[in-house]
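The values are calculated or read from the model by the stated rules, or taken from the named source; none is laboratory data. Note that this is a predicted model, so its numbers are computed, not measured. Here the Cβ is made from the backbone with ideal geometry for all residues, glycine too, and neighbour counts use every protein chain on show. What goes into the accessible areas is simple: the full protein's heavy atoms, side chains included, and nothing from ligands, DNA or RNA. Shrake-Rupley method; radii C 1.70, N 1.55, O 1.52, S 1.80 Å.
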Amino acid sequence: GAVVSQHPSRVICKSGTSVKIECRSLDFQATTMFWYRQFPKQSLMLMATSNEGSKATYEQGVEKDKFLINHASLTLSTLTVTSAHPEDSSFYICSANNARQGGSYTFGSGTRLTVV
Amino acid sequence: GDSVTQMEGPVTLSEEAFLTINCTYTATGYPSLFWYVQYPGEGLQLLLKATKADDKGSNKGFEATYRKETTSFHLEKGSVQVSDSAVYFCALSAETSGNTPLVFGKGTRLSVIA
């Protein structure tokens with residue numbers, strides 16, 4: 001079946017540094033990928049929609065200069081948290097759309113980011 | 001806009017008990033409906049889905065029927081196991097291409113005790 005690999009699974013960084021999270025579709029091409037943030041014991045909050053070769057569409061309230069999204073190929077999207085602060089600590093999850101199986105959403109295993 | 005409402009947990013059941021997690025939705029048109037499961041520290045896994053009215057999705061003993069008349073997609077399982085302990089999310093997709101994001105309910109935490 002469709003597999004989405006997300007790395008790293010856990011990362012601890014110092015305040016002020018940047019962290020890059022990768023989301024890779026392993027056996028299918030993903031024209032669209034979605035990035036979510038999840039706070040403890042809460043639902044997923046959509047941050048942005050990224051389409052291959054174009055700029056990401058950010059949800060209201062999400063700072064695009066802080067959360068940089070790049071979708072340079074049909075199999076890879078990256079989320080970079082720039083100048084991270086402790087309030088950015090969260091669980092980040094990506095989801096990819098399988099273009100050949102319209103309406104099929106496959107999720108990565110998530111990244112636990114802790115900013116100290 | 002589109003929305004999903006699901007019963008709030010936590011839900012605690014004994015092993016082999018019957019499970020129902022209610023989910024209702026509001027959407028224009030004919031959305032696809034999904035149930036996802038999230039185990040601690042992990043991403044979401046698709047449990048089942050239905051794409052049109054009266055469809056029944058089923059997987060691993062779980063099932064849900066797309067009821068257009070009641071705009072519902074309740075999740076059921078006849079006999080839960082300890083390994084079913086997780087958070088369950090009901091979700092909808094407004095269109096079938098997969099190019100629009102899923103709309104999620106708030107999630108229901110299920111704990112099954114032996």
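In table form, for the structure just shown:
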| quantity | calculated |
| --- | --- |
| Close pairs from segment B:71-95: first more than 14 Å from chain A (Cβ to nearest Cβ), partner assigned to a strand (DSSP E or B) and small (Gly, Ala, Ser), Cβ under 8 Å, at least 6 apart | B:Phe73/B:Ala50; B:Phe73/B:Ala64; B:His74/B:Ala64; B:Leu75/B:Ala64; B:Glu76/B:Ala64; B:Ser85/B:Ser111 |
| Candidate set from segment A:41-53 (those that are part of a strand (DSSP E or B) and not aliphatic (A, V, I, L, M)); member that is nearest to the other protein chains (Cβ to nearest Cβ) | A:Thr49 |
| Condition check for A:Arg112: open to solvent by 20 Å² or more (accessible area, probe 1.4 Å), modelled with pLDDT of 95 or more and facing another protein chain (nearest Cβ under 9 Å) | yes |
| Scope segment B:47-64; condition hydroxyl-bearing (Ser, Thr, Tyr) and within 23 Å of B:Ser111 (Cα to Cα); matching residues | B:Ser58 |
| Any pair with Cβ under 6 angstrom, 6 or more apart, that starts in segment A:59-85 at a residue that is farther than 18 Å from A:Thr32 by Cα and ends at one that is in a loop (DSSP other than H, G, I, E, B) and among the small types (Gly, Ala, Ser) | A:Thr82/A:Ser18; A:Ser83/A:Gly16; A:His85/A:Ser15 |
| Selection count where residues are more than 14 Å from A:Phe34 (Cβ to Cβ) and facing another protein chain (nearest Cβ under 8 Å), scope segment B:96-114 | 5 |
| Counted residues, segment A:67-109 - those being more than 14 Å from chain B (Cβ to nearest Cβ), touching a Leu at 6+ places or on another chain (Cβ under 9 Å) and at pLDDT below 95 | 2 |
| Segment A:67-103, subset open to solvent by 20 Å² or more (accessible area, probe 1.4 Å) and among the small types (Gly, Ala, Ser), residue farthest from A:Val4 (Cα to Cα) | A:Ser83 |
| Subset of segment A:54-66 [away from chain B (no Cβ under 14 Å) and either open to solvent by 50 Å² or more (accessible area, probe 1.4 Å) or of a type in the set (Phe, Trp, Tyr) (or both)] | A:Lys55, A:Gly61, A:Glu63, A:Lys64, A:Asp65 |
| Lone unmet requirement of (1) of a type outside the set (A, V, I, L, M, F, W, C); (2) touching an Asp or Glu at 6+ places or on another chain (Cβ under 6 Å); (3) in a loop (DSSP other than H, G, I, E, B) for A:Gly1 | (2) |
| Scan of segment A:1-53 for residues that are within 29 Å of B:Met7 (Cα to Cα) and touching a Lys or Arg at 6+ places or on another chain (Cβ under 6 Å), ordered by number | A:Ser43, A:Met45, A:Met47 |
| Selection count where residues are away from every other protein chain (no Cβ under 11 Å), open to solvent by 10 Å² or more (accessible area, probe 1.4 Å) and either modelled with pLDDT of 90 or more or under 17 Å from B:Gly107 (Cβ atoms) (or both), scope segment A:20-39 | 6 |
| Any strands (runs of 3 or more DSSP E) falling wholly within segment B:1-111 and containing at least 1 residues that are open to solvent by less than 10 Å² (accessible area, probe 1.4 Å), more than 30 Å from A:Ser5 (Cα to Cα) and not charged (D, E, K, R) | B:19-21 |
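One line per residue, one yes/no per condition, for (1) more than 12 Å from chain A (Cβ to nearest Cβ); (2) touching a strand residue (DSSP E or B) at 6+ places or on another chain (Cβ under 6 Å):
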| residue | (1), (2) |
| --- | --- |
| B:Pro31 | no, yes |
| B:Phe34 | no, yes |
| B:Gln38 | no, yes |
| B:Gly41 | no, no |
| B:Gly57 | yes, yes |
